[in-house]
Amino acid sequence: MNGNLAGIFYLGSRHLARQRGRVVLLVAALTLSLFLPLAITVGVNAVEKHLRARSVSTPLLLGAPGSQLELVFNALYFNKPSVPVLPFGVSREIARETGATVIPIHAKFQARGFRIVGTSLDYFRFRGLAVAEGNLMARLGDCVIGSGVAKRLGLKAGDRIVSTPEQMFDIAGVYPLRMRITGVLRPAGTADDQAVFCDVKTAWVIEGIAHGHQEANQQASSAVLEADGNHIALDSSIYEFQEVTPENIGSFHFHGDQSEFPLTAAIVIAPDAKTETILMGRYQPGRAKAWMHRPGVAMEELFDTVFRVRDFVVAALAVVGVCALLIMGLVFALSNRLRADEFRYLANLGAPAATIRGLVGFEAAFVIATSAILATAGTLVLLVAVPRLLVHFAV
Amino acid sequence: MPGVALQIRDLVFRYTTERFALRVPRLDLSAGEQIAITGPSGCGKTTLLRLASGMLTPESGSVRAGETVISSLPEAARRQFRLRHIGLVFQTFELVPYLDGRDNILLPYRVSSELRLSPEVHARAEALADQTGITHLLAQSPAEMSQGERQRIALCRALITQPGLILADEPTGSLDPQNQQRAVALLHDQARQAGATLIMVTHEPSLLAGFDRHLPLPELQTASA
């Protein structure tokens, strides 16, 4: 004799409605037990896929001796500004000797919360970045902003953006430079969307290595502290330009040896595999004054660690999930024991055994099915949402 | 459904864990007859009703309701027969606590794979509730009802399938004397209106008036009735 499915559903749902508080708790507990391991797996996989795509597309990365991962995060994702600096001359030397394309990266400073990346026009070609509005930077003091920056700050080509002083009370330190925005990049779904790009020389101006000011010979004699032949020392009343304009661009000049100017990294695109191998050997980490890295390999090591942690966390959550299931089993068993009289009444009335078995299993089936549906739905939402969030936040 | 005749022949039943044995050599009830079975506590009144309804299987002998020998049916068929043809009123009423009065009355239709819950059945439930004066209880849960009100809900549930045989196991056991008389009168009326055969187990001599016959179980075990 078959059970009455409609009756089982009706009576079962009436019982659940009576016990809704407990049912909600059980569903929440089981949903979380199922969802969390899935969410962690999906999230980590999506982040890994997203990060890996950018790292493997960057063949070689040159940096000062130090942490390989910090360098990769500085040069590829612009989120690690405090890395040891590399002399600009090393990158020029590589370009001259091997014919490699060397793209300087200077990613130390910020403008209104977004990283200022000093680089060259080669960077835009290398990353396949194009302007959606305006043009790429043309002269010192110009910048191009990522789509995320433009959207967040409401800026467009022709507007200005000021670099953020690093230390409020260090008047001799990083100087706020008002940059002209010449263009806005198309969205790329990467860290480029959240950066302010300028020429590396503009970044050096922000760092204080280069500057422009009023002509010394236009100053009142009271401003002159010391003068001997070609050298003149002036007091602080001299006006230092905070923005590069057609009128004052000629006054901007560098101090010191350009080959010693700092870069945080340099992307190296060797002309062939042989050159790449030679460069890896010549700038082997631990043995040279500058170290060459393969970002893909560096990220692979990071992912290995992340995956190990993920596996551990998922395993721990699985154990918690099994415990939750066991507790749930106990709750169902106790619940059915409390309902023993009810099941006996139904049997006395003549309810088919299958109907009673259906009622016994209904609550567990409902909780398990509902939790599975919710956990699956949540995972599907994550599968769609995480890649979009990664693009939106341009990690 | 018209009342069904009940025949018990050479019935022997023994609980496996007890020394008690029930023996009923012969019992015959004609269709529509109303009888009371009395006897002291523990003499086997409830066991006899459970055998008559097919809840228990005799060691030997037979129980026949109409043309059906209940005692020889397999368990599933006995349940099906009970659900369709026998109305049961229990001493503790056996209402499902999370169902309201209406759903408790309609319970046989909710659990059966054979009975169909139609608008006519709903109308019958309303009519029974009206006749027993419990229309206002249809949306209430058993916890909100008095003992007498629960008893009437249980009676409506026993009658909803229009059974040919009503078995009532001390249905007034938890009621005060005034309500006992009222409940038994209601049982008589409803069984008579439905044309059903009625067997009521009781140990209250004051409730015997109105039954066609009164059979003390100790006598039933030794003599033919």
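The values are calculated or read from the model by the stated rules, or taken from the named source; none is laboratory data. Keep in mind that what you see is a predicted model, and the values were worked out from it rather than measured. Using ideal geometry, Cβ is built from the backbone for each residue, glycine included, and neighbour counts are taken over all protein chains shown. We work out accessible area using only protein heavy atoms, side chains counted, and drop any ligands, DNA or RNA first. Shrake-Rupley method; radii C 1.70, N 1.55, O 1.52, S 1.80 Å.
What the table below lists for this structure:
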read-out: Unmet criterion (only one of (1) under 18 Å from the mean Cα position of the chain (by Cα); (2) buried (at least 22 other Cβ atoms within 10 Å of the Cβ)) for residue A:102; value: (1)
read-out: Filter pass, residue B:102 being among the basic types (Lys, Arg), within 11 Å of chain A (Cβ to nearest Cβ), open to solvent by 20 Å² or more (accessible area, probe 1.4 Å) and under 30 Å from residue A:8 (Cβ atoms); value: no
read-out: Complete set of residues in region B:5-34 that are within 16 Å of the chain's Cα centre (by Cα) and crowded, with 21+ Cβ neighbours inside 10 Å; value: B:6, B:29
read-out: Residue in region A:247-262 that is farther than 30 Å from residue A:102 by Cβ and without any contact (Cβ under 8 Å) to a residue 12 or more places away in the chain present; value: yes
read-out: Residue match in region A:238-261 (condition: aliphatic (A, V, I, L, M) and either modelled with pLDDT of 90 or more or touching a Gly at 6+ places or on another chain (Cβ under 7 Å) (or both)); value: yes
read-out: Residue match in region B:153-171 (condition: of a type in the set (Ser, Thr, Tyr) and either free of Cβ contacts under 8 Å to residues at least 12 places away in the same chain or more than 14 Å from chain A (Cβ to nearest Cβ) (or both)); value: no
read-out: Selection status of residue B:78, farther than 25 Å from residue B:6 by Cα and open to solvent by 10 Å² or more (accessible area, probe 1.4 Å); value: no
read-out: Restricting region A:1-31 to residues that are within 40 Å of the chain's Cα centre (by Cα) and free of Cβ contacts under 8 Å to residues at least 60 places away in the same chain, the residue that is farthest from the other protein chains (Cβ to nearest Cβ); value: A:28
read-out: Filtered residue count, region B:78-92, keeping only those that are within 9 Å of chain A (Cβ to nearest Cβ) and either hydrophobic (A, V, I, L, M, F, W, C) or part of a strand (DSSP E or B) (or both); value: 5
read-out: Members of region A:328-355 found to be open to solvent by 40 Å² or more (accessible area, probe 1.4 Å) and either free of Cβ contacts under 8 Å to residues at least 12 places away in the same chain or not assigned by TED's automatic domain parsing to the domain that holds residue A:44 (or both), listed by number; value: A:330, A:333, A:334, A:337, A:338, A:340, A:341, A:344
read-out: Residue A:335 vs. criteria of a type in the set (Ser, Thr, Tyr) and under 30 Å from residue A:50 (Cα atoms); value: no
read-out: Leading residue by the ranking (surrounded by the fewest Cβ atoms within 10 Å (Cβ to Cβ)) among those in region B:105-131 that are basic (Lys, Arg) and in a helix (DSSP H, G or I); value: B:124
read-out: Evaluation of residue A:41 against (1) open to solvent by 40 Å² or more (accessible area, probe 1.4 Å); (2) touching a Leu at 6+ places or on another chain (Cβ under 8 Å); (3) more than 14 Å from chain B (Cβ to nearest Cβ) (one fails), failing number; value: (2)
read-out: Boolean, residue A:83 is open to solvent by 50 Å² or more (accessible area, probe 1.4 Å) and more than 14 Å from chain B (Cβ to nearest Cβ); value: no
read-out: Set A:70, A:93: member being open to solvent by 60 Å² or more (accessible area, probe 1.4 Å), modelled with pLDDT of 90 or more and more than 14 Å from every other protein chain (Cβ to nearest Cβ); value: A:70
read-out: Of all residues making up region A:172-226, the number that are among the hydroxyl-bearing types (Ser, Thr, Tyr), more than 19 Å from residue A:253 (Cβ to Cβ) and at pLDDT 90 or above; value: 1
read-out: Helices (runs of 4 or more DSSP H) contained in region A:254-351 and holding at least 2 residues polar (S, T, N, Q); value: A:273-282, A:295-338
read-out: Residue in region B:83-98 that is touching a residue at least 40 places away in the same chain (Cβ under 8 Å), buried (at least 24 other Cβ atoms within 10 Å of the Cβ) and in contact with a Cys (Cβ under 9 Å, 6 or more places away or on another chain) present; value: no
read-out: Single residue of region A:301-356 satisfying the filter (farther than 30 Å from residue A:68 by Cβ and of a type in the set (Ser, Thr, Tyr)) that is farthest from the other protein chains (Cβ to nearest Cβ); value: A:335
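To keep it simple, each residue is scored yes or no on (1) part of a loop (DSSP other than H, G, I, E, B); (2) surrounded by fewer than 22 Cβ atoms within 10 Å (Cβ to Cβ).
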| residue | (1), (2) |
| --- | --- |
| B:3 | yes, no |
| B:40 | yes, yes |
| B:46 | no, yes |
| B:52 | no, no |
